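Chemist: Structure incoming, see below.
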Amino acid sequence: MPDDHATPCLNCKKRNARWREDFPVEWENDEYITRREMVKFLALGSLTIAGANFILAGIPHVLQSGPLPKTKIGTASSVAAGSSQLFRYPTNDDPCILIRQTSGELVAYSQVCTHLSCAVIHDQKENTLFCPCHHGYFTVAEGRPYAGPPTRPLPRIRLEQEGDEIFAVGVEV
Ligand code: FES
């Protein structure tokens, strides 16, 4: 029906409504634009998050790209067979554990569980590294997970011995 009839009908009122001046996009187009904008937003959002993760994941490697310090962590004579000792390496924020196996060999690992970062403890009786948070278990000989939720081994601390002194010289991830 044309708009020029004497009394505007409901269709004319709708077509000429004042809100249309502020929102001139037709409903069908509005939906189309919204979907396209949403896809663009999701794509850009995903790219931004992926980029941020990439950068954050790379920062520790960049910061540790140089050789790690050689740090004295204790004396061999103070760690009896089957016992352990805590130390921090490479920074004061990195708790680690030094263990003398019953064979006499010294091994050291990051104390941070590879599941959700609780501190692993040395269970001397069971000869295992145990994470009490979710009952994760790692072998003492290799730091390999063998029970519970952890799937990645504990980072191993490389050791050097000079006389009775033990030094941490690097981290194997
Ligand atoms: S944090 Fe160690 S098992 Fe979950």
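Nothing in this text is a laboratory measurement; each read-out follows from the coordinates by a stated rule. Just so it is clear, the structure is predicted and the values come from calculations on it, not from any experiment. As a convention, Cβ positions derive from the backbone with ideal geometry for all residues, glycine included, and neighbour counts pool all protein chains shown.
Chemist: Which residues, taken from segment 141-167, are away from the ligand (no atom under 16 Å from the Cβ) and in a loop (DSSP other than H, G, I, E, B)?
Modeler: Residues satisfying the conditions are ALA141, GLU142, GLY163, ASP164.
Chemist: Checking CYS133 against (1) within 9 Å of the ligand (Cβ to nearest atom); (2) part of a strand (DSSP E or B), which test does it fail?
Modeler: (2)
Chemist: All but one of (1) surrounded by fewer than 20 Cβ atoms within 10 Å (Cβ to Cβ); (2) more than 16 Å from the ligand (Cβ to nearest atom); (3) not charged (D, E, K, R) hold for CYS118, so report the exception by its number.
Modeler: Among (1) surrounded by fewer than 20 Cβ atoms within 10 Å (Cβ to Cβ); (2) more than 16 Å from the ligand (Cβ to nearest atom); (3) not charged (D, E, K, R), CYS118 violates only (2).
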